[in-house]
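Input: a single structure, listed below in structure tokens.
The values are calculated or read from the model by the stated rules, or taken from the named source; none is laboratory data. Because the structure is a prediction, the values reported are computed rather than measured. Methodologically, a virtual Cβ is constructed for each residue, glycine included, from the backbone with ideal geometry; neighbour enumeration extends over all protein chains shown.
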Amino acid sequence: MSAFSSSSAPAGAATAPDAARCWALIPCAGSGSRAGLSTPKQYEVLAGQRLIDHTVDAFLRAPHITGVVVVVAPDDGAYTPTHERVQVWPVGGATRAHSVFNGLVALQAAGAKPDDWVLVHDAARCLVTPEQIDALVQACWPDAVGGLLALPLPDTLKVAGGAPAQSRVVDTVNRSDKWLAQTPQMFRVVDLHRALAQAQAGDFVGITDEASAIEALGLQPLLVRGSAQNFKVTYPEDFALAQAVLLQRQVQA
């Protein structure tokens, strides 16, 4: 596993040879069972490219990204790098958290430094834009903790009770301080490794994203406003919506 060439830091940041770098880490080892497909959803073609291709392309076009790591399952040969700044490592695990942890360990072995930043992003969030990625980098670079793209909850949130087939509302939750977490999520390599190593002892139970692991250390990640278009393609109906957005962007380009 090789390291990548260096990249510039955000405006106003240190630019010495040992300055911190930004790495993108994309877990791509899931089966996509909720999408109702016979193959992993990250390899479905939308607007002429696979989901993973759209996702990787956004990071390659974003400023300040030194390199992109795609973490695939050990037996997955479907994705090969198409750019010198992309590495594909077959170290995926049983869950997303396992894949991220394994990828992070491999990234450090390849030369990432403790003070470098890592941006973890879902392969199926194929609508993320270089501008959104850069907004996160600019916001988190001077921050002591790091943070994530997120959106204030727009809808009324209900608590359900009863059997799943006949759920009924038992409470309404105040949404004024509720946010929907997105990705990328950006943290220092040393902090995210420590957080995930701690969670590994409990088999990553309760770790639904990188921010939750960081929170378990007693830290408070920064919330950076994202976009409603940066949704995770999960269910069958999501594919048509994602394709419509991608096609519209191609028309506008």
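Output yes when any residue across region 235-243 is under 15 Å from the mean Cα position of the chain (by Cα), more than 19 Å from Leu151 (Cα to Cα) and not in a helix (DSSP H, G or I), and no when none is. Taking every residue of region 235-243 in turn, none turns out to be under 15 Å from the mean Cα position of the chain (by Cα), more than 19 Å from Leu151 (Cα to Cα) and not in a helix (DSSP H, G or I).
Taken together, Val70, Val118, Val88 contain a single residue that is buried (at least 23 other Cβ atoms within 10 Å of the Cβ), part of a strand (DSSP E or B) and out of contact with any Leu (no Cβ under 8 Å at 6 or more places or on another chain), which is Val70. Filter region 20-31 down to residues that are among the small types (Gly, Ala, Ser), part of a loop (DSSP other than H, G, I, E, B) and at pLDDT 85 or above and give me whichever is nearest to Asp75 (Cα to Cα). Per the criteria, the residue is Ala29. Kindly establish whether Arg225 is under 25 Å from Val56 (Cβ atoms), basic (Lys, Arg) and surrounded by fewer than 16 Cβ atoms within 10 Å (Cβ to Cβ). Answer is yes for this residue.
The listed residues are Trp117, Trp141, Trp89, and the only one of them that is in contact with a strand residue (DSSP E or B) (Cβ under 8 Å, 6 or more places away or on another chain) and more than 30 Å from Ala228 (Cβ to Cβ) turns out to be Trp89. Of the residues making up region 235-253, those that are small (Gly, Ala, Ser) and in contact (Cβ under 8 Å) with a residue 60 or more places away in the chain number 1. Against the list (1) touching a Ser or Thr at 6+ places or on another chain (Cβ under 6 Å); (2) over 30 Å from Gln248 (Cβ atoms), the condition His121 fails is (2). Meeting the requirement of 2 or more residues that are more than 20 Å from Cys28 (Cα to Cα) and touching a residue at least 60 places away in the same chain (Cβ under 8 Å), the helices (runs of 4 or more DSSP H) wholly within region 128-234 are 130-140, 189-200.
Here is the figure for region 67-122: residues that are modelled with pLDDT of 95 or more, more than 16 Å from the chain's Cα centre (by Cα) and of a type in the set (Val, Ile, Thr) total 2.
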